[in-house]
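Visitor: Structure provided below as structure tokens; questions to follow.
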Amino acid sequence: MSEVTRHIAIVGCGQLAQMMAQEGKPLGITFSFLAEKGEDAGCVEGLGTIVRLDEAGSGEDLFQALGCPEVITAEREQVDVALLRALQRFCPVYPDPHVFEKAQHRLREKRALTESGLPVAPFMPAQGRDELLNALDKLGYPAFIKSCENGYDGKNQWRVKDAAELQEAIEEAKDLPCVVEASVDFSCEVSLIGARSVSGEVKTYPLTENLHRQGTLLLSKAPYQDEQLLASARAYLQKLMDDWDYVGVLSVECFVTSEGLLVNEIAPRVHNSGHWTLVGADTSQFANHLRAILDMPLGDTECPRPAAMVNMLGVDRAPTGKNEGVWLYGKTLRPGRKMGHVLLVDDSSEELAQRCEAMIADLYQQ
């Protein structure tokens, strides 16, 4: 008797869906992909059936077109929650739609984090000139103004350090619902990625240190060696997973401050800062996400040697320097767009840091 094929449908057709499908193939998993109207599906061409949302009918019709998947997941937060709930009538959707509902809206996210007892920077909701002025009067300068929706990789975000910059931000933000956050004095940003299976098994990767360029992740290095901070981050992650009955990979991004970790934001999916796991861990974040949502045993998450990822932002050529892997996503080149990434592994953190600097110089011709 032949083995039953496991089949997963992924909402979204970008590089995260691409890498999930690539990592799922050795596990014997097949895939289909749901593309929104006008979405570029080039990243997943040849990896499974691509279904266009505007070509589908009812939720049942869409489920059938996707090949009657065993489970449905998503590669991004900005998904139609009502659609996920409609599909949930036919198979499990992991993470649950209520998590996407929280994560895709900054104010809901902040409130969900505080409801779970996690520390965050002081914040206030604000919409329009008067509320923004009131929020800055209470929180003080400098501060960040972030739109509640569609704010990522530095988009729809404004750092204001005085009244003149606030006025510019007010004119650009117009009447967008926003969250105003007090500026935090932090030494660096770290992220913790973990996976929780349907049965409740949890595994976490080491803390990863992240460096951004113009609001977009440029470099991630693991492990970030601080056992006390790692314990705090694991406790935060576990609390959210328990409170939300979470299934799949979850990323928690935090600021390292003199008083410990402050949570910045979460991502209910495989995350850019975890790409190093493709070569730096026995089981990648992508494979463990698939294992988690199919309730398979989770794989090893240890990082035996220091590992790093350098994002290729607006760069679509392979580097000349030594590396442990280059991923090109096959996307159309645009300034600042994530076109791929380079992975590095070394025996020492010092050597790895030097190689990261050289790789950034190589990619960006510095």
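The values are calculated or read from the model by the stated rules, or taken from the named source; none is laboratory data. Because the structure is a prediction, the values reported are computed rather than measured. As a convention, Cβ positions derive from the backbone with ideal geometry for all residues, glycine included, and neighbour counts pool all protein chains shown. What goes into the accessible areas is simple: the full protein's heavy atoms, side chains included, and nothing from ligands, DNA or RNA. Shrake-Rupley method; radii C 1.70, N 1.55, O 1.52, S 1.80 Å.
Visitor: Would you mind finding the one in VAL190, VAL198 that is of a type in the set (Val, Ile, Thr) and assigned to a strand (DSSP E or B)?
Guide: VAL190
Visitor: Only one of (1) within 22 Å of the chain's Cα centre (by Cα); (2) in a loop (DSSP other than H, G, I, E, B) is not met by GLY321, so which one is it?
Guide: The one condition GLY321 does not meet is (1).
Visitor: Quick test of your reading of the structure: ASP316 fulfils all but one of (1) surrounded by 19 or more Cβ atoms within 10 Å (Cβ to Cβ); (2) more than 21 Å from ARG269 (Cβ to Cβ); (3) in contact with a strand residue (DSSP E or B) (Cβ under 6 Å, 6 or more places away or on another chain). Name the failing condition by number.
Guide: (1) is the only condition that ASP316 fails.
Visitor: Taking the range 107-131, which residues are open to solvent by less than 30 Å² (accessible area, probe 1.4 Å) and more than 23 Å from ALA235 (Cβ to Cβ)?
Guide: LEU107, ALA126, GLY128
Visitor: Would a scan of the range 325-340 turn up a residue that is in contact with a strand residue (DSSP E or B) (Cβ under 8 Å, 6 or more places away or on another chain), surrounded by 16 or more Cβ atoms within 10 Å (Cβ to Cβ) and within 17 Å of PRO223 (Cβ to Cβ)?
Guide: Looking only at the range 325-340, we keep the residues that are in contact with a strand residue (DSSP E or B) (Cβ under 8 Å, 6 or more places away or on another chain), and these are 325-329, 331, 333, 336-340.
Pick out the ones that are also surrounded by 16 or more Cβ atoms within 10 Å (Cβ to Cβ) and you get 327, 329, 331, 337-340.
Within this subset, residues satisfying the condition of being within 17 Å of PRO223 (Cβ to Cβ) are none.
No, the range 325-340 contains no residue that is in contact with a strand residue (DSSP E or B) (Cβ under 8 Å, 6 or more places away or on another chain), surrounded by 16 or more Cβ atoms within 10 Å (Cβ to Cβ) and within 17 Å of PRO223 (Cβ to Cβ).
Visitor: Okay, moving on. Go through (1) within 26 Å of TYR224 (Cβ to Cβ); (2) open to solvent by 10 Å² or more (accessible area, probe 1.4 Å); (3) in contact (Cβ under 8 Å) with a residue 40 or more places away in the chain for ALA361 and report which single condition fails.
Guide: Evaluating ALA361 over (1) within 26 Å of TYR224 (Cβ to Cβ); (2) open to solvent by 10 Å² or more (accessible area, probe 1.4 Å); (3) in contact (Cβ under 8 Å) with a residue 40 or more places away in the chain leaves (3) as the failure.
Visitor: Taking the range 59-82 only, how many residues are without any contact (Cβ under 8 Å) to a residue 12 or more places away in the chain and either touching a Lys or Arg at 6+ places or on another chain (Cβ under 8 Å) or not charged (D, E, K, R) (or both)?
Guide: Result for the range 59-82: 2.
Visitor: Check PHE186 against each of (1) over 21 Å from LYS102 (Cα atoms); (2) open to solvent by less than 50 Å² (accessible area, probe 1.4 Å) and name the one condition it does not meet.
Guide: The one condition PHE186 does not meet is (2).
Visitor: Something else: Report the residue count in the range 324-351 for those that are in a loop (DSSP other than H, G, I, E, B) and of a type outside the set (Val, Ile, Thr).
Guide: Summing the residues that are in a loop (DSSP other than H, G, I, E, B) and of a type outside the set (Val, Ile, Thr) in the range 324-351 gives 12.
Visitor: Right, something else. Given the criteria part of a helix (DSSP H, G or I) and buried (at least 18 other Cβ atoms within 10 Å of the Cβ), does ALA135 qualify?
Guide: yes
Visitor: Would you confirm whether any residue within the range 185-207 is over 30 Å from ASP282 (Cα atoms), touching a Cys at 6+ places or on another chain (Cβ under 6 Å), touching a residue at least 24 places away in the same chain (Cβ under 8 Å) and not hydroxyl-bearing (Ser, Thr, Tyr)?
Guide: No, every residue in the range 185-207 fails to be over 30 Å from ASP282 (Cα atoms), touching a Cys at 6+ places or on another chain (Cβ under 6 Å), touching a residue at least 24 places away in the same chain (Cβ under 8 Å) and not hydroxyl-bearing (Ser, Thr, Tyr).
Visitor: So ASP295 ticks every box in (1) on the phi > 0 side of the Ramachandran plot; (2) acidic (Asp, Glu); (3) without any contact (Cβ under 8 Å) to a residue 40 or more places away in the chain but one. Which box is left unticked?
Guide: Of everything listed in (1) on the phi > 0 side of the Ramachandran plot; (2) acidic (Asp, Glu); (3) without any contact (Cβ under 8 Å) to a residue 40 or more places away in the chain, ASP295 misses just condition (3).
Visitor: Identify all residues within the range 85-98 that are open to solvent by less than 10 Å² (accessible area, probe 1.4 Å) and more than 17 Å from the chain's Cα centre (by Cα); write none if there are none.
Guide: Passing the criteria: LEU87, VAL93.
Visitor: Turning to a different aspect of this structure: What residue, among those in the range 138-151 that are among the small types (Gly, Ala, Ser) and open to solvent by 10 Å² or more (accessible area, probe 1.4 Å), is nearest to LEU166 (Cα to Cα)?
Guide: In this case the residue turns out to be GLY140.
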